[in-house]
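Novice: Quick one: structure below, then a few questions.
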């Protein structure tokens, strides 16, 4: 793969990208082989990039020309409205999505690394995320990046949708 095929930038989302990132996020999540009656309500949340960007930190991956490739919500700590039961000293990742046509280019890895870097810069000791067994590519990515499975942090969103937790220790103070 050439440099031109892999080049992209990670930066904060801009207001003119909110709608496109919402559409991209829903499109990415629709490729996941799980459906619940609550999916439409979750799609509304996935599309609401403006709300996430005003309460949390939304990062995007783009080509140098500005083509949107993916996005992620960085959750700074337990006080963030998108926190999924984070504890003091922890940050999180939510709604990581890569354009289905752009997968395999390292975009998800770069977005995850940007969250790790931000968490370290924020002085967090751990970065926590939740995924599902129906997302094997994401699980492989997190394993390769050094995240560790943390079953004590698993939870069920709605019946039939069990989320499994992974954490990356940023300091030696692991609990």
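Novice: Does the stretch 105-123 contain any residue that is surrounded by 18 or more Cβ atoms within 10 Å (Cβ to Cβ), over 15 Å from the mean Cα position of the chain (by Cα) and either at pLDDT below 95 or farther than 25 Å from residue 20 by Cβ (or both)?
Specialist: Yes: one or more hits.
Novice: Tell me which of these residue 148 doesn't satisfy, since it passes every other one: (1) more than 14 Å from the chain's Cα centre (by Cα); (2) closer than 25 Å to residue 69 by Cα.
Specialist: (2)
Novice: If you don't mind, another one. Applying the selection to the stretch 124-141, what residues are more than 20 Å from residue 89 (Cβ to Cβ) and either surrounded by 15 or more Cβ atoms within 10 Å (Cβ to Cβ) or touching a strand residue (DSSP E or B) at 6+ places or on another chain (Cβ under 7 Å) (or both)?
Specialist: Result: 131, 132, 133, 135, 138, 139, 141.
Novice: Another question, if that's okay. Out of (1) farther than 24 Å from residue 49 by Cα; (2) exposed (fewer than 14 other Cβ atoms within 10 Å of the Cβ), the odd one out for residue 168 is which?
Specialist: Against the list (1) farther than 24 Å from residue 49 by Cα; (2) exposed (fewer than 14 other Cβ atoms within 10 Å of the Cβ), residue 168 comes up short only on (2).
Novice: What pairs can you find where one residue is in the stretch 107-135 and on the phi < 0 side of the Ramachandran plot and free of Cβ contacts under 8 Å to residues at least 60 places away in the same chain, the other is assigned to a helix (DSSP H, G or I) and buried (at least 22 other Cβ atoms within 10 Å of the Cβ), and their Cβ atoms are less than 6 Å apart, with a gap of 6+ or different chains?
Specialist: Matching pairs, first to second residue: 127/119.
Novice: Could you tell me whether the stretch 18-25 includes any residue that is at pLDDT 95 or above, surrounded by fewer than 20 Cβ atoms within 10 Å (Cβ to Cβ), closer than 25 Å to residue 169 by Cα and in contact with a strand residue (DSSP E or B) (Cβ under 9 Å, 6 or more places away or on another chain)?
Specialist: No, the stretch 18-25 contains no residue that is at pLDDT 95 or above, surrounded by fewer than 20 Cβ atoms within 10 Å (Cβ to Cβ), closer than 25 Å to residue 169 by Cα and in contact with a strand residue (DSSP E or B) (Cβ under 9 Å, 6 or more places away or on another chain).
Novice: Does residue 127 fit the bill of being within 13 Å of the chain's Cα centre (by Cα) and over 24 Å from residue 41 (Cα atoms)?
Specialist: Numbers: within 13 Å of the chain's Cα centre (by Cα): yes; over 24 Å from residue 41 (Cα atoms): yes.
It is true that residue 127 is within 13 Å of the chain's Cα centre (by Cα) and over 24 Å from residue 41 (Cα atoms).
Novice: Could you please find all residues in the stretch 15-32 being in a helix (DSSP H, G or I) and more than 17 Å from residue 57 (Cβ to Cβ)?
Specialist: Residues of the stretch 15-32 in a helix (DSSP H, G or I): 15-29.
Matches in the stretch 15-32: 16, 19, 20, 23, 24, 26, 27, 28, 29.
Novice: Identify the single condition in (1) at pLDDT 95 or above; (2) more than 23 Å from residue 113 (Cβ to Cβ); (3) more than 16 Å from the chain's Cα centre (by Cα) that residue 36 does not satisfy, given that it satisfies every other one.
Specialist: Condition not satisfied by residue 36: (1).
Novice: Test residue 60 against the stated conditions and say whether it is modelled with pLDDT of 95 or more and surrounded by 14 or more Cβ atoms within 10 Å (Cβ to Cβ). Give the steps one after another, and end with the answer.
Specialist: Numbers: modelled with pLDDT of 95 or more: yes; surrounded by 14 or more Cβ atoms within 10 Å (Cβ to Cβ): yes.
Yes; evaluated as a whole, the condition is true for this residue.
Novice: For the stretch 131-171, which positions are part of a loop (DSSP other than H, G, I, E, B) and closer than 28 Å to residue 106 by Cβ?
Specialist: In the first step, residues of the stretch 131-171 are kept if they are part of a loop (DSSP other than H, G, I, E, B); the result is 132-135, 146-147, 150, 154, 159-160, 170-171.
Answer for the stretch 131-171, where residues must be part of a loop (DSSP other than H, G, I, E, B) and closer than 28 Å to residue 106 by Cβ: 132, 133, 134, 135, 146, 147, 150, 154, 170, 171.
The values are calculated or read from the model by the stated rules, or taken from the named source; none is laboratory data. As the structure is a computational prediction, the values presented were derived from the model and not from experiment. Cβ atoms come from the backbone with ideal geometry, glycine included; neighbour counts cover every protein chain shown.
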